[in-house]
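Report on one structure; see the data block that follows.
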Amino acid sequence: MDPCLCLPQRLLELINHLYEASDISDMACALFDGLRPVVHFHNAMLLSVDGSTFELQPVYGYNCAVEDISLYLERYMHLDPFVTALPLPQRFNRAIRLSDLTSKANLAQTGFSDFQCRLPFQYALSVVAAWNHQPMAALKLYRSSQGGDFKAEELDLLSRLAPHIAHAFFLQKLLIDEDTHLNTGILVLAADRRIIFKSEAARYIPAEVRNELLPLLEQDGSQCLNKDSKFYRARVVPWRPPSLLTCFAEPAGPTPKRQSTGGALLSDGRGNDVANYVNGNFTIISIEPFRRRVAIANRLQWAGMSHREIEVALRVMSGCSNADIARVLFIDEKTVKDHLGRIYQKTKVHSRTQLISQILGLNFIWRSTAESCGSCEETQIQDRL
């Protein structure tokens, strides 16, 4: 970055580099290279957010060893005041200093102080970069005692930069996989089953869908629902230390003294054992509408189908008869039947109904269809093949 440029020009150049990056690793390098001339820091982490679980995943570290990032995610993140102090939406695109969340004395009483000594750092800044109200990445900057704490103008700069980091992340993820989980809704339920957090995507899932799915999930950790010709998949997401949703946990009770496991202290500084967070006090639910045509095609490809077999299967999913498929693909009906035979072998099914259920992961459709229509109907379906 040109040292002669003023701050707004430097920021604009940095944003351009983020969007021009060839991949996420290149983007991370561009981010840290562009930040260093304008924000002083000694160590840094860039972490990606899994949209289906809201868990952080390692991407790149500046002066941070891989093992330090892994240790942070697995042992220390659930003790990090950035994660525990503020509800998730309040952290979106807002750079926050560690000193604004806790005092040095309080930090010294928590296991997170061990990570502070390990890196080491005196001051820290964190921002969760979100695009379209969906968290995409987390940026964490660390500074030693030299230079003092992060200044207000540095917080403002990173808060302005965060939406661009998130958008660049989104575009990079889109290049790798179209399934970026932007439509996946995340719910957090309290012990009394109240919804205490609802992601932006979850707001677009009909309330009746949520109301029908949640009781079913109590019986089984994974469920599917067909509502108004739309399919939804829901599952209970196990809480793990790298989760951004830890802030919604309600500690089960006080712990008499600090404990340690493998060097990571389990006290959260409020006299609570962090292990109690996973003791049934809250439940994370992921609900997603069934993915579009390209997701089905990807699933069929994973099943080992050829391009032509995928075309036939997709048209079966659309309700086309053998004659319809033959006409659209310019092949005869016998060829269609041959393709279907191979498709059935690869998916281990025996009929169109079973094929659709298998592809969608909705085996209950097959069971309910068999119960309501009887074996005679199934015979008729097979006869059409």
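The values are calculated or read from the model by the stated rules, or taken from the named source; none is laboratory data. Here the structure is a predicted model, which is why all the values come from computation and not from measurement. Heads up, the Cβs are rebuilt from the backbone with ideal geometry, glycines too, and the neighbour counts pull from every protein chain shown. Only protein heavy atoms, including side chains, enter the accessible area calculation; ligands, DNA and RNA are left aside. Shrake-Rupley method; radii C 1.70, N 1.55, O 1.52, S 1.80 Å.
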| Selection status of ILE205, open to solvent by less than 40 Å² (accessible area, probe 1.4 Å), modelled with pLDDT of 90 or more and of a type in the set (A, V, I, L, M, F, W, C) | no
| Hey, among the residues in the stretch 1-30 that are touching a Phe, Trp or Tyr at 6+ places or on another chain (Cβ under 8 Å) and of a type in the set (A, V, I, L, M), which one's most open to solvent (accessible area, probe 1.4 Å)? | ILE24
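Would you mind stating whether SER351 is hydroxyl-bearing (Ser, Thr, Tyr), modelled with pLDDT of 85 or more and under 26 Å from LYS227 (Cα atoms)?
Spelling it out, SER351 is indeed hydroxyl-bearing (Ser, Thr, Tyr), modelled with pLDDT of 85 or more and under 26 Å from LYS227 (Cα atoms).
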| remark: Taking the stretch 135-172 and keeping only residues that are surrounded by fewer than 18 Cβ atoms within 10 Å (Cβ to Cβ), more than 13 Å from SER99 (Cβ to Cβ) and not polar (S, T, N, Q), one is left with GLY147, GLU153, ASP156, ARG160, PRO163, LEU171
| task | Would you mind listing the helices (runs of 4 or more DSSP H) fully within the stretch 68-122 where at least 1 residues are over 28 Å from the mean Cα position of the chain (by Cα) and farther than 23 Å from ALA152 by Cβ? | result | 104-108, 112-118
| remark: The condition from (1) charged (D, E, K, R); (2) outside any helix (DSSP H, G or I); (3) modelled with pLDDT under 90 that LYS173 misses is numbered (2)
| When only residues in the stretch 297-346 that are modelled with pLDDT under 90, out of contact with any helix residue (DSSP H, G or I) (no Cβ under 9 Å at 6 or more places or on another chain) and part of a helix (DSSP H, G or I) count, which is surrounded by the fewest Cβ atoms within 10 Å (Cβ to Cβ)? | TRP302
| message | Being among the charged types (D, E, K, R) and within 26 Å of CYS247 (Cβ to Cβ) is the requirement here; does GLU55 meet it? | response | yes
| query | Going by the structure shown, is SER357 at pLDDT below 85, surrounded by fewer than 16 Cβ atoms within 10 Å (Cβ to Cβ) and among the polar types (S, T, N, Q)? | reply | no
| task | Please go through the stretch 114-137 and pick out each residue that is without any contact (Cβ under 8 Å) to a residue 12 or more places away in the chain and touching a helix residue (DSSP H, G or I) at 6+ places or on another chain (Cβ under 9 Å). | result | GLN116
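Does ASP156 qualify as being of a type in the set (Asp, Glu) and touching a Ser or Thr at 6+ places or on another chain (Cβ under 6 Å)?
Against the criterion (of a type in the set (Asp, Glu) and touching a Ser or Thr at 6+ places or on another chain (Cβ under 6 Å)), ASP156 does not qualify.
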| Quick check: anything in the stretch 44-63 more than 24 Å from PHE170 (Cα to Cα) and either open to solvent by 50 Å² or more (accessible area, probe 1.4 Å) or part of a helix (DSSP H, G or I) (or both)? | yes
| message | Against the condition touching a helix residue (DSSP H, G or I) at 6+ places or on another chain (Cβ under 7 Å) and crowded, with 18+ Cβ neighbours inside 10 Å, how does LEU88 come out, does it pass? | response | yes
| query | Restricting to the stretch 91-110, what's the tally of residues that are modelled with pLDDT under 90 and either open to solvent by less than 60 Å² (accessible area, probe 1.4 Å) or touching a Cys at 6+ places or on another chain (Cβ under 8 Å) (or both)? | reply | 4
| remark: Across (1) in a helix (DSSP H, G or I); (2) surrounded by fewer than 19 Cβ atoms within 10 Å (Cβ to Cβ), PRO37 clears everything bar (1)
| Per-region count, the stretch 188-214, residues closer than 19 Å to LEU86 by Cβ and in contact (Cβ under 8 Å) with a residue 60 or more places away in the chain | 6
